[in-house]
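Here the structure comes first, spelled out in C-alpha cells, and everything after it is commentary.
The values are calculated or read from the model by the stated rules, or taken from the named source; none is laboratory data. Remember, predicted model here, so these are calculated numbers, not experimental data. In this analysis, Cβ positions are derived from the backbone assuming ideal geometry, glycine residues included, and neighbour counts consider all displayed protein chains.
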Amino acid sequence: MNPFPENITSKLPKTGLSVFAVMSNMANEYNAINLSQGFPDFECSPKLIELVSKYMKEGYNQYAPMAGVMKLREAIAEKTEDLYTASYNCETEITVTAGATQGIYTAISAFVKEEDEVIVFEPAYDSYVPAIKLNGGIPVCVPLKMPDYHIDWDEVRKLLNQRTKMIIINTPHNPTGSILTAKDMVQLEKITKNTDIIILSDEVYEHIIFDGYEHQSVCRYPSLAERSLVLCSFGKTFHNTGWKTGYCLAPENLMKEFRKVHQFIVFCSNTPIQHAIADFLKDKSYYEELGGFYQEKRDFFVNLVKNSRFKIVPCLGTYFQLLDYTGITDETEMEFAQRLIKENRIGSVPVSSFYNKPLNNNILRFCFAKKEETLEKAAEVLCKI
C-alpha cells in the first residue's frame, strides 16, 4: 500500500527518538545494567500505594477538576510556604499537571509565539528545544561553562533583545548535577528587571540537593516569582516516575494563560493519585529527608568508582553522576556509551545528547537512583574498564 501523503513535512525534521529511550532500549536488548534513564529500581512507599488503592476503591476514578484536586493544591501551597516563604493562591496560582514535562510543554505553548526567542542553557533536558520549535519559537542555546557548568550572565545579557520571550532555568540541573546559587538568582533578577521576559523554572529535583546546600527556588525571590512559572515533580520526589504527576506554580496572570492550554492538552491528571499524594504530603519527612537519602547513594557509588579510570565530576544535586572518560578513549560520547552497553553490559547517557548540536566533552551520565546491589554491579564493571 502506498503511503498517503507520500511527502510529509515534519515539524521536527532533525528530531528522532529520545536519547533516554534509545539507550534504555539498547540496555534491554543487551541485558545491560541500566543506569541511563533516570528512574529508581526500587519501590515507592507502600503507604502511598495503599492510599492510591484506597481512593480507587472509594470511587475517586472520574475526572479531577481541571486545575487539580483542591486538597492537593492546598497541600502544595502549604509546602511551598513552608519551604520558600512564598504564598500561592490555591484557586488561581497552582495547577496539577500530568508530570513536569507536560507542564513544561504547556508553559512554552502558552507564551512562545512565532519568532519569539527563548534562552536555553546547555546541556539541557531534551524536551525544551523541541517544545520551543513546535511553537514557532527560536531556541537561543547558551553553553554552561566548564568544568563546573556555571552560567556566564554577561554572555546571557548580551543575547537579550526585544524578541526574548522566555529564559528557561533548571536547578538542580539535569544532566550535570550542578546547582544555581543565590548569586545566580540575583543576576537573573538584574537582567530581567524592567523587561517582559518570562522565566520557566524547572525545579523537579528541588528536594535532591547535597552537601548542605539549599535549593534556590525562584519562589524565594519575589521579583522573580512574579514573572515565573515553576515546574515541580512528585515522581522524582516519591520514587514513582511512571505516575506522571507534577504541578505548576505561577502568579494569577501567568497561570490564567497556562490553564487555557493545559485544559486542551490533558484537561486534568490522575484523580486517585492526586488524592493519595495530598494525604501523603502531611508527613514532611518524606521530602525533607530525600536529599540525605540520595546523598548516601551518590557517596556510595562515587566511593565504588573512585579508583577506576573514570574521573568523577562533582554532583551537587539530582540523582545523576557524571564521569569523565578522557583518560580511557578518544571515542565520541555516543560511540563509547554504545560500546559500554554492547561489550560491558552497562547503560549510560552521553551528555553530548543534551546539546542542540552535539558537543563532545568525553562525559557520560549515570543514574544512581538504584539499589545498592545494582550500583555495586555497575561499579565492578566500570572499575574493570
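In contact with a strand residue (DSSP E or B) (Cβ under 9 Å, 6 or more places away or on another chain) and either among the basic types (Lys, Arg) or modelled with pLDDT under 95 (or both): does that describe Phe20?
Yes, satisfied.
Conditions tested, residue by residue: (1) modelled with pLDDT of 95 or more; (2) assigned to a loop (DSSP other than H, G, I, E, B); (3) hydrophobic (A, V, I, L, M, F, W, C).
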{"residue": "Asn25", "(1), (2), (3)": "no, no, no"}
{"residue": "Asn31", "(1), (2), (3)": "no, yes, no"}
{"residue": "Met56", "(1), (2), (3)": "yes, no, yes"}
{"residue": "Leu83", "(1), (2), (3)": "yes, no, yes"}
{"residue": "Ile108", "(1), (2), (3)": "yes, no, yes"}
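What's the total number of residues in region 111-120 that are surrounded by fewer than 24 Cβ atoms within 10 Å (Cβ to Cβ) and either touching a residue at least 60 places away in the same chain (Cβ under 8 Å) or under 20 Å from the mean Cα position of the chain (by Cα) (or both)?
Within region 111-120, residues that are surrounded by fewer than 24 Cβ atoms within 10 Å (Cβ to Cβ) and either touching a residue at least 60 places away in the same chain (Cβ under 8 Å) or under 20 Å from the mean Cα position of the chain (by Cα) (or both) number 3.
With the condition being within 29 Å of Asn360 (Cβ to Cβ) and not β-branched (Val, Ile, Thr), I'd like the helices (runs of 4 or more DSSP H) fully within region 222-327 carrying at least 3 qualifying residues.
By residue number, 290-305.
Go through (1) at pLDDT 95 or above; (2) within 14 Å of the chain's Cα centre (by Cα) one by one and return the number of the condition Tyr125 breaks.
That leaves (1) as the condition not met.
List the number of the failed condition for Asp202; all other conditions in (1) free of Cβ contacts under 8 Å to residues at least 60 places away in the same chain; (2) acidic (Asp, Glu); (3) surrounded by 20 or more Cβ atoms within 10 Å (Cβ to Cβ) hold.
Just one mismatch for Asp202, condition (1).
Of the residues Lys145, Lys133, which single one is basic (Lys, Arg) and within 30 Å of Ala369 (Cα to Cα)?
Sole residue among the options that is basic (Lys, Arg) and within 30 Å of Ala369 (Cα to Cα): Lys145.
Can you tell me which residues in region 318-352 are on the phi > 0 side of the Ramachandran plot and crowded, with 24+ Cβ neighbours inside 10 Å?
The one that is on the phi > 0 side of the Ramachandran plot and crowded, with 24+ Cβ neighbours inside 10 Å: Thr318.
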